[in-house]
Amino acid sequence: MFDVSNQPPPLEPYNLFTSDVVLRESVKRERAGWAEEGLSTLGATFGKPETVKAGFDANRYPPVLRTLDRYGHRLDEVEFHPAWHEIMAIALRAGLHSSPWAEPKPGAHVARAAGTYMLEQVESGAYCPIAMTYGSVPTLRHAPEIAKEWLPRICAREYDPRFIPAHEKKSALVGMGMTENQGGTDLRTNTTRAEPAGDGSFRLYGHKWFMSAPMCDAFLVLAQSAKGLSCFFMPRWTPDGERNAVHILRLKDKLGNKSNASSEVEFDGAYAQLVGEEGRGIPTIIEMGNYTRLDCAIGSSGLMRQALAQGLHHARHRTVFQKKLIDQPLMENVLADLALESEAATALTFRLARAYDEDDEAAQVIRRVVTPAAKFWICKRTPAATYEAMEVLGGSGYIEESIMPRLYREAPVNSIWEGSGNVMCLDVLRAIGRTPGAAEVLRKELDTGDKRLNTFTERLQKRLQASERNDESQARALTRDLVLGLQAALLIRHAPAPVADAFCAARLNGDSAAFGLLPRGLDLRAIVERAAPQS
Ligand SMILES: Cc1cc2nc3c(=O)[nH]c(=O)nc-3n(C[C@H](O)[C@H](O)[C@H](O)COP(=O)(O)OP(=O)(O)OC[C@H]3O[C@@H](n4cnc5c(N)ncnc54)[C@H](O)[C@@H]3O)c2cc1C
């Protein structure tokens, strides 16, 4: 047997919170310093070898649909590997599905964002029901009676995977069903019908082409009623204790996100209750969409961080041509560039999360305009970043036993679901035009007085004028520049000079078609050292 040498040790156990300087600084800066102790405990839990293994197992043994029992009775159940339940239990115990609603306080959304940022790094599939449950609460509040009954369950922290009526359970999870076969983005084409049952409830008939996490206890669903497209609350069990008529037709065979079940479903007279005003379904459910879009930005930032952490760890331990990889000048350039991307994404994500903790005009503008912008650009950069980090590991990065293929396969999903790239950019145009005070709030966020950003900002301000802004064909360019400007402003204000200098040099004027193109004269060593997982 050959000797094993020049192979890095696994990056475990490690603490995903305390080892991540950028995350720790972001949490403190965005007013969730009080959560550090809890986040540190959670970071240690996520970094334990057992948890890391559970992340792998949940993906290696994907969920299985059980449509019928042995006699032919409908079951419509999905079975998960125990590892999935283990990860879900950790996430619920930490309150990642609901803590800002259960215990609202300054920094609550930021603290929760830090927890989900770490969850995504170990197991991304579980993030889906966690994000949807979190996002469902503002929409549910449009139906006070339902909220009164369900919020205590949604806020409970004891994960309960049993498929039984919710009132018998210790906690409950909520998903959503909007996308239909004939069109997802254009929700007005939804054909699912809602018919009044005569007792105040409705019966739903139709289908959903995507409905993820079908083992959630209830769903927010769009359907056409007499007054137009409306939002409904559809539990998996009826109030009479019967299985609701939600038939799971099949599970999607997805590129990634393997641990999570995403289903196609048919409603055959499914019991549901109206949420919000009849005919105002889209604005009602879109409130949920804002939170899940925030979660797409958090999740993708987390994916980038994990890819970078693995790449840096490998490069610190692997020797090529008599030097550690991390000391090879060209690899240092690649790693520093990845670190810039990761830090910029994290800084913007946590700034955005703070806007969900506040309610002044600035917070409202940031929530409305920057949520779709951040979702677009951060999610768009993630596949490139995870791929580049995979290459740092060489051939081993392409092998399933490293986490890199999983991160890479997961990377596109946050860009596609909850409004794909173009849709986010068109939403940015709309939001800038319609949100009072948007131009002034954005100007202040971008105004650092730093010369390097001034020229860029002047160009951006021109783009933000109505004449240019209304050109849909330029919506991606405008959104990219808005995000790069905001990221640069955050890094100039808060990051060490080597990071801000390099970001301005590389992203405000540079070529970011590939990583590792940073120009000469930057302190790459300082950037890499800051990003490397600290013990
Ligand atoms: C893993 C996964 C899980 C999902 N889970 C759920 C779920 O739980 N619930 C749910 O409701 N949905 C879910 N979805 C569906 C997802 O939200 C939709 O696929 C997405 O919103 C896009 O809708 P669509 O597939 O109908 O594409 P389309 O609406 O046909 O869009 C196709 C492309 O056209 C672009 N486009 C659309 N309009 C314009 C325009 N005006 N100008 C330029 N370009 C445009 C879009 O950006 C997109 O790139 C899930 C999807 C995936 C992949």
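Every residue, every condition in (1) at pLDDT 95 or above; (2) small (Gly, Ala, Ser); (3) within 15 Å of the ligand (Cβ to nearest atom); (4) more than 27 Å from the chain's Cα centre (by Cα), yes or no:
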{"residue": "Ser201", "(1), (2), (3), (4)": "yes, yes, no, yes"}
{"residue": "Met215", "(1), (2), (3), (4)": "yes, no, yes, no"}
{"residue": "Lys227", "(1), (2), (3), (4)": "yes, no, no, yes"}
{"residue": "Asp253", "(1), (2), (3), (4)": "yes, no, yes, no"}
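If you scan segment 171-182, which residues turn out to be near the ligand (Cβ under 6 Å from one of its atoms), assigned to a loop (DSSP other than H, G, I, E, B) and among the aliphatic types (A, V, I, L, M)?
Hit for segment 171-182 is Met178, nothing else.
Looking at Thr346, Thr386 in this structure, which one is under 14 Å from the mean Cα position of the chain (by Cα) and of a type outside the set (D, E, K, R)?
From the options Thr346, Thr386, the qualifying one is Thr346.
Could you tell me how many of the residues in segment 446-461 are under 16 Å from Arg480 (Cβ atoms) and not aromatic (Phe, Trp, Tyr)?
Taking segment 446-461 as the starting set, the residues that turn out to be under 16 Å from Arg480 (Cβ atoms) are 446, 453, 456-457, 459-461.
Filter again for not aromatic (Phe, Trp, Tyr), leaving 446, 453, 457, 459-461.
Going through segment 446-461 one residue at a time, the tally reaches 6.
Leu151 passes all but one of (1) closer than 24 Å to Asp76 by Cβ; (2) modelled with pLDDT of 95 or more; (3) surrounded by fewer than 24 Cβ atoms within 10 Å (Cβ to Cβ); which number fails?
All conditions are met except number (1).
If you check Gly125 against the conditions, is it assigned to a loop (DSSP other than H, G, I, E, B) and on the phi > 0 side of the Ramachandran plot?
In short, no.
Only residues that are closer than 18 Å to Gly177 by Cβ and among the polar types (S, T, N, Q): list them for segment 412-426, please.
Scanning segment 412-426 gives a single hit, Ser420.
Among the residues of segment 374-401, which ones are surrounded by fewer than 23 Cβ atoms within 10 Å (Cβ to Cβ) and polar (S, T, N, Q)?
Across segment 374-401, the qualifying residue is only Ser396.
With segment 1-72 as the region, which helices (runs of 4 or more DSSP H) entirely inside it contain at least 1 residues that are modelled with pLDDT under 95? Write out each step before concluding.
On the way: elements: 21-29, 36-46, 49-60.
Passing ranges: none, list empty.
So Thr185 ticks every box in (1) in a loop (DSSP other than H, G, I, E, B); (2) modelled with pLDDT of 95 or more; (3) open to solvent by 20 Å² or more (accessible area, probe 1.4 Å) but one. Which box is left unticked?
Of (1) in a loop (DSSP other than H, G, I, E, B); (2) modelled with pLDDT of 95 or more; (3) open to solvent by 20 Å² or more (accessible area, probe 1.4 Å), only one is false for Thr185: (2).
Within segment 13-20, is there a residue that is in contact with a helix residue (DSSP H, G or I) (Cβ under 7 Å, 6 or more places away or on another chain), surrounded by fewer than 17 Cβ atoms within 10 Å (Cβ to Cβ) and touching a residue at least 24 places away in the same chain (Cβ under 8 Å)?
Checking segment 13-20: at least one residue is in contact with a helix residue (DSSP H, G or I) (Cβ under 7 Å, 6 or more places away or on another chain), surrounded by fewer than 17 Cβ atoms within 10 Å (Cβ to Cβ) and touching a residue at least 24 places away in the same chain (Cβ under 8 Å).
How many residues are within 10 Å of the ligand (Cβ to nearest atom) and of a type in the set (Ser, Thr, Tyr) when one looks only at segment 183-199?
Total meeting the criteria: 2.
Here are some conditions: (1) surrounded by fewer than 24 Cβ atoms within 10 Å (Cβ to Cβ); (2) touching a Leu at 6+ places or on another chain (Cβ under 8 Å); (3) not in a strand (DSSP E or B). Val78 meets all but one. Which one does it not meet?
Here Val78 clears every test but (3).
Can you report the number of residues in segment 497-535 which are assigned to a loop (DSSP other than H, G, I, E, B), surrounded by 14 or more Cβ atoms within 10 Å (Cβ to Cβ) and at pLDDT 95 or above?
Of the residues in that region, 7 qualify.
Is at least one residue of segment 112-127 open to solvent by 40 Å² or more (accessible area, probe 1.4 Å), of a type outside the set (A, V, I, L, M, F, W, C) and in contact with a helix residue (DSSP H, G or I) (Cβ under 8 Å, 6 or more places away or on another chain)?
No.
Aromatic (Phe, Trp, Tyr), within 16 Å of the ligand (Cβ to nearest atom) and assigned to a helix (DSSP H, G or I) - does that describe any residue in segment 349-368?
No: zero hits.
If I ask for residues that are open to solvent by 30 Å² or more (accessible area, probe 1.4 Å) and touching a residue at least 60 places away in the same chain (Cβ under 8 Å), which ones from segment 22-32 would you list?
If the condition is that a residue be open to solvent by 30 Å² or more (accessible area, probe 1.4 Å) and touching a residue at least 60 places away in the same chain (Cβ under 8 Å), then Glu25, Arg29, Arg31 are the ones that fit.
Pull out all pairs, ordered by first then second residue, where Cβ-Cβ is under 6 Å, the residues are six or more apart or on different chains, the first lies in segment 467-481 and is open to solvent by less than 80 Å² (accessible area, probe 1.4 Å), and the second is at pLDDT below 95 and not in a loop (DSSP other than H, G, I, E, B).
If the second residue must be at pLDDT below 95 and not in a loop (DSSP other than H, G, I, E, B), the pairs left are Leu478/Arg463; Asp481/Leu460.
Of (1) farther than 25 Å from Gly175 by Cβ; (2) among the aliphatic types (A, V, I, L, M); (3) open to solvent by 20 Å² or more (accessible area, probe 1.4 Å), Ala431 satisfies all except one. Which?
(3)
Test Leu340 against the stated conditions and say whether it is crowded, with 24+ Cβ neighbours inside 10 Å, among the hydrophobic types (A, V, I, L, M, F, W, C) and assigned to a helix (DSSP H, G or I).
Working: crowded, with 24+ Cβ neighbours inside 10 Å: yes; among the hydrophobic types (A, V, I, L, M, F, W, C): yes; assigned to a helix (DSSP H, G or I): yes.
Judged against the criteria, Leu340 is a match.
Any residue at all in segment 505-527 that's among the basic types (Lys, Arg), within 24 Å of Ala385 (Cβ to Cβ) and over 26 Å from the mean Cα position of the chain (by Cα)?
Going residue by residue through segment 505-527, those that are among the basic types (Lys, Arg) are 507, 520, 525.
This time we only want the ones that are within 24 Å of Ala385 (Cβ to Cβ), so: 507, 520, 525.
Restricting the remaining residues to those that are over 26 Å from the mean Cα position of the chain (by Cα) gives 520, 525.
Yes.
Does segment 85-104 contain any residue that is more than 21 Å from the chain's Cα centre (by Cα) and assigned to a helix (DSSP H, G or I)?
no
Tell me, which strands (runs of 3 or more DSSP E) lie completely within segment 215-299 with 1 or more residues that are open to solvent by 10 Å² or more (accessible area, probe 1.4 Å) and farther than 25 Å from Tyr127 by Cα?
Working: elements: 218-225, 228-235, 246-251, 262-275.
Hits in segment 215-299: 218-225, 228-235, 262-275.
Taking the conditions exactly as written (within 27 Å of Asn257 (Cα to Cα), modelled with pLDDT of 95 or more and near the ligand (Cβ under 9 Å from one of its atoms)), does Phe210 satisfy them or not?
yes
Starting from segment 216-242, keep only residues that are farther than 21 Å from Met132 by Cβ, then list their pairs with residues that are charged (D, E, K, R) and part of a strand (DSSP E or B) whose Cβ atoms are within a distance under 7 Å, requiring at least 6 positions of separation or different chains.
Filtered contacts from segment 216-242: Gln224/Arg193.
The values are calculated or read from the model by the stated rules, or taken from the named source; none is laboratory data. Just so it is clear, the structure is predicted and the values come from calculations on it, not from any experiment. Note: ideal-geometry Cβ built from the backbone for every residue, glycine included; neighbour counts use all protein chains shown. Ligands, DNA and RNA are stripped out before the accessible areas are found, and what is left, the full protein with its side chains, is counted by its heavy atoms. Shrake-Rupley method; radii C 1.70, N 1.55, O 1.52, S 1.80 Å.
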